[in-house]
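> Quick one: structure below, then a few questions.
The values are calculated or read from the model by the stated rules, or taken from the named source; none is laboratory data. The structure displayed is predicted, hence computed values, not measured ones. Reconstructed Cβ throughout: ideal geometry from the backbone, glycine too, with neighbour counts over all protein chains shown. With ligands, DNA and RNA removed, areas are computed over all heavy atoms of the protein, side chains included. Shrake-Rupley method; radii C 1.70, N 1.55, O 1.52, S 1.80 Å.
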Amino acid sequence: MDASAWLAQRMALVDRYLDGRLPPATEPPAALHAAMRHLVFPPGKRLRPAFVLAGCEAAGAKPDLALPAAAAVELVHTYSLIHDDLPCMDNDALRRGKPTVHIAYGEATALLAGDALLALAFEVLADAEGSCGAAAVAWCTRTLAVAAGSRRLVGGQADDLAFAAGGPATEARVISVHRRKSAALIAASIACGARLGGADRDLLANLAAFGEEVGVAFQIADDVLDADRNEACSLVSVTGLAGARALAEEGLARALRRVEGLGEKGAALRALAVLAVRRAI
Ligand code: GRG
């Protein structure tokens, strides 16, 4: 399949949908609404919404059905990036080639913009009920809430912040943070797309496991790219660069084996996994 064409077509759908769901930047309180849009446009890689739509297609359904979930995961992801950049966390000045939200709008507005994006994610997801049914939406709501909560994304971030104080880095400790902070949202993205597309229980479990493998491998690839930053919670500090690269490739291979049997329906998922882990997206 032509993965670039697939991605470009799907991402245009996601961007148009997101644009329609975010309040206009001029709507009062205008600074808050402009700050909410600041990091959503222009886009990042849109990896997570792409995985939602690919999950839906793997279940044999048209991707449009999963657009609310695709937008919802990108809104959760964007909120987490805004908060991650704050001075009390990573204190970053640039994100996606632009000043971070707190640099552009101030710290208090950045905090509130993140809060509002998280709430909007669940509002948007709820609107999938008309096309996908209440049971599927309830399942996705719970899956996304768990992925974003203290046992996954937020807990992974908490342990990442405290990492250096917790003793020596080991492979298990680093992977535990990667699994929660990064892989959980990717796994939830694929699972929600598949659930809205009508996947049965076995397919859902397999796709969630695929997503987790891909998510961990993606984050290890991120460690390799950021090796010069000498982060405490990085697999490179445990295994070295070559070891980390090898573990990312092994994780990708394990993930791909899980979805071999999906044939053409799994083509987008497989292509995205390769692009994500080899950082070619
Ligand atoms: C503050 C609640 C809270 C969570 C923070 C997102 C996050 C957790 C931390 C950001 C730093 C980091 C390394 C996260 C792991 C996931 C990751 C690689 C995020 C960046 O995702 P990309 O590369 O970004 O998909 P784009 O901009 O392309 O969407």
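> Long-range amide H contacts for ARG95: which residues qualify at under 5 Å (H placed 1.01 Å from N, peptide plane, sequence gap of 5 or more or a different chain)?
Residues meeting the amide H criterion: THR100.
> Further, regarding this structure: Which order do the peptides 9-20, 156-167 take when ranked by the mean count of other beta-carbon atoms within 10 Å per residue, highest first?
So the order, starting with the most tightly packed, is 9-20, 156-167.
> Each residue of segment 45-58 in turn: what ³J(HN,Hα) in whole Hz from Karplus with 6.51, -1.76, 1.60 and θ = phi - 60°, glycine and Pro shown as x?
For segment 45-58, the Karplus curve yields 6, 6, 5, 5, x, 4, 5, 4, 5, 5, x, 5, 5, 5 Hz.
> Treating cross-link reach as a plain straight distance, find the lysines whose alpha-carbon is under 28 Å from the alpha-carbon of LYS62, omitting any fewer than eight places away in the same chain.
Here the lysines satisfying the reach criterion relative to LYS62 are LYS45, LYS265.
> Go ahead and run the numbers for FRET between CYS88 and ALA119, Cβ-Cβ distance against an R0 of 22 Å, rounding to 0.05.
Efficiency for this residue pair is about 0.60.
> A further question on this structure: When ligands, DNA and RNA are left out and all protein chains stay put, how many square angstrom of accessible area per residue does segment 222-281 have with a 1.4 Å probe?
On a per-residue basis, segment 222-281 sits at 51 Å².
> Taking a probe of 1.4 angstrom, what is the accessible area of ARG152 in Å², to the nearest 10?
Ignoring ligands and nucleic acids, ARG152 comes out at about 90 Å².
> Right, another one. Take the solvent-accessible surface of the protein heavy atoms, probe 1.4 Å, and return the percent of it on segment 57-164 that carbon and sulfur atoms account for.
Percent of accessible area from carbon and sulfur atoms in segment 57-164: 56.
> Ignoring everything except DSSP H segments at least 4 long, calculate the 222 nm mean residue ellipticity for the chain; use -39,500 (n - 2.57) per segment, divide by total residues, nearest 500.
-22000 deg cm²/dmol
> For a quick protection proxy, order the peptides 89-96, 207-214 by their average other-Cβ count within 10 Å, most packed first.
Those peptides, ordered most packed to least, come out 207-214, 89-96.
> Keeping every protein chain present and rolling a 1.4 Å probe, give me the accessible area per residue for segment 1-130 in Å². The partial results should precede the final answer.
On the way: 5230 Å² over 130 residues.
Using a 1.4 Å probe on heavy atoms only, each residue of segment 1-130 averages 40 Å².
> Applying the Karplus parametrisation 6.51 cos²θ - 1.76 cosθ + 1.60 with θ = phi - 60° to the phi angles of segment 127-139, what ³J(HN,Hα) value in whole Hz is obtained for each residue in order, glycine and proline being reported as x?
Taking θ as phi minus 60°, the curve returns 6, 6, 4, x, 9, 10, x, 5, 5, 5, 5, 4, 4 Hz for segment 127-139.
> Right, here's the next one. Which one, ALA208, TYR17, LEU262, is farthest towards the positive end of the dipole of the chain when Lys and Arg carry +1 and Asp and Glu -1 on their Cβ?
Value: LEU262.
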